[in-house]
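> Pasting a structure here, questions to come.
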Amino acid sequence: MLLQSSSLAAVVLSSIVLVGYLAPVTEAHSWLECVNWQFHNPDKKDWSDKGGECLGYARRFPLGHKFASMDSSPARHYQQDNKNPNNALPCSDGDQGEEPGMDETLAEPRDAAYNRKGWGKMTVTKVGDEICLRWPAKTHGNEDSVVMVAISKNANGKDPTQKGFNSNIVAKLKFGNCSGSGGKDNTACGGCFPVPVRASGDYVLQWRWELNEDEFYTSCADLRIGSK
Ligand SMILES: *[C@@H]1O[C@H](CO)[C@@H](O)[C@H](O)[C@H]1NC(C)=O
């Protein structure tokens, strides 16, 4: 009996040590932290918290968490099925994938995923405006990886499939474009691109980061695009 409980204690202890050791490695994956980042100083563009403010977020993005902190409860990163990523669910449903994220499916009505229940605002922009996306390095900012940004083609439509997003890529951004050391967990990174030509209406933007071959992480956000 004594032997049993002490070996149980040893197992419990070693799994605590193991979890503590593995957690920072297994959870170091990124997500879209801001969809519409406004730099305070256009002459000194800085992705860190002090360098600007966020005017638009991804779907059901919970406010009030420290930058780069949503690794678990809530886990904001969503890793697509890596056996067939180009047929995978494009926006997390909070359940599927190698690493399920939070619910980022299309809301009905679309803006019901914003500005309530502690969630951030939806992005409002115009054709031709520069839009700047921000994400945490999660220790991978010195590696050579790319973020693909896709924006759906049809106003007020349902979400495209992953193949549909793949045929509407509007920007390819360097993941490691960061303010500070890309090897750190909470270094802020991002990229900017012009809003492409679209008829006025609501669209979905997909942020898709390829960390390794066939290892994709996505975030989804709605954009209200006005004409120029
Ligand atoms: C890289 O980051 C800077 C701000 O540090 C930003 O001005 C620039 O647009 C970014 N580059 C790209 C290609 O997005």
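> Collect the residues in segment 189-207 that are open to solvent by less than 10 Å² (accessible area, probe 1.4 Å), more than 11 Å from the ligand (Cβ to nearest atom) and of a type outside the set (S, T, N, Q), keeping them in residue-number order.
Passing the criteria: Val195, Tyr203, Val204, Leu205, Trp207.
> Restricting the search to segment 141-164, which residues are surrounded by 20 or more Cβ atoms within 10 Å (Cβ to Cβ) and either among the aliphatic types (A, V, I, L, M) or within 16 Å of the ligand (Cβ to nearest atom) (or both)? Step through it out loud before you land on a result.
The first filter runs over segment 141-164 and keeps only residues surrounded by 20 or more Cβ atoms within 10 Å (Cβ to Cβ), leaving 141, 147, 149-152, 160, 162.
Those that are surrounded by 20 or more Cβ atoms within 10 Å (Cβ to Cβ) and either among the aliphatic types (A, V, I, L, M) or within 16 Å of the ligand (Cβ to nearest atom) (or both): Gly141, Val147, Val149, Ala150, Ile151.
> Can you name the residue in segment 110-140 that is assigned to a strand (DSSP E or B) and among the basic types (Lys, Arg) and is also surrounded by the most Cβ atoms within 10 Å (Cβ to Cβ) among such residues?
Step one: filter segment 110-140 for residues assigned to a strand (DSSP E or B), giving 119, 123-126, 130-136.
If we keep only those that are among the basic types (Lys, Arg) as well, we get 126, 134.
Working: Lys126: 14, Arg134: 23.
Across segment 110-140, the extreme among qualifying residues is Arg134.
> Counting only residues that are aliphatic (A, V, I, L, M) and in contact (Cβ under 8 Å) with a residue 60 or more places away in the chain, how many does segment 54-71 have?
3
> In this structure, is Asp95 assigned to a helix (DSSP H, G or I), modelled with pLDDT of 95 or more, away from the ligand (no atom under 16 Å from the Cβ) and among the acidic types (Asp, Glu)?
Judged against the criteria, Asp95 is not a match.
A quick yes/no check of all residues on (1) under 15 Å from the mean Cα position of the chain (by Cα); (2) within 15 Å of the ligand (Cβ to nearest atom); (3) open to solvent by 40 Å² or more (accessible area, probe 1.4 Å); (4) farther than 28 Å from Asn87 by Cβ:
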{"site": "Asn166", "(1), (2), (3), (4)": "no, no, yes, no"}
{"site": "Thr187", "(1), (2), (3), (4)": "yes, yes, no, yes"}
{"site": "Glu213", "(1), (2), (3), (4)": "no, no, yes, no"}
{"site": "Tyr217", "(1), (2), (3), (4)": "yes, no, no, no"}
{"site": "Lys228", "(1), (2), (3), (4)": "no, no, yes, yes"}
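> If we scan segment 69-77, do we find a residue that is out of contact with any His (no Cβ under 9 Å at 6 or more places or on another chain) and acidic (Asp, Glu)?
So far as segment 69-77 goes, no, none of its residues is out of contact with any His (no Cβ under 9 Å at 6 or more places or on another chain) and acidic (Asp, Glu).
> Could you list, ordered by first residue, the pairs with Cβ atoms under 7 Å in which the first is in segment 118-137 and of a type in the set (Asp, Glu) and the second is part of a loop (DSSP other than H, G, I, E, B) and open to solvent by less than 10 Å² (accessible area, probe 1.4 Å), at least 6 apart or interchain?
Once the first residue is of a type in the set (Asp, Glu) and sits in segment 118-137, its partners that are part of a loop (DSSP other than H, G, I, E, B) and open to solvent by less than 10 Å² (accessible area, probe 1.4 Å) give Asp129/Val195.
The values are calculated or read from the model by the stated rules, or taken from the named source; none is laboratory data. Note that the structure is a prediction, hence the values are computed from the model and not measured. A quick note on method: Cβ atoms are made from the backbone with ideal geometry, for glycine too, and the neighbour counts reach across all protein chains shown. Heads up: the accessible areas ignore ligands, DNA and RNA and are worked out on the full protein's heavy atoms, side chains in. Shrake-Rupley method; radii C 1.70, N 1.55, O 1.52, S 1.80 Å.
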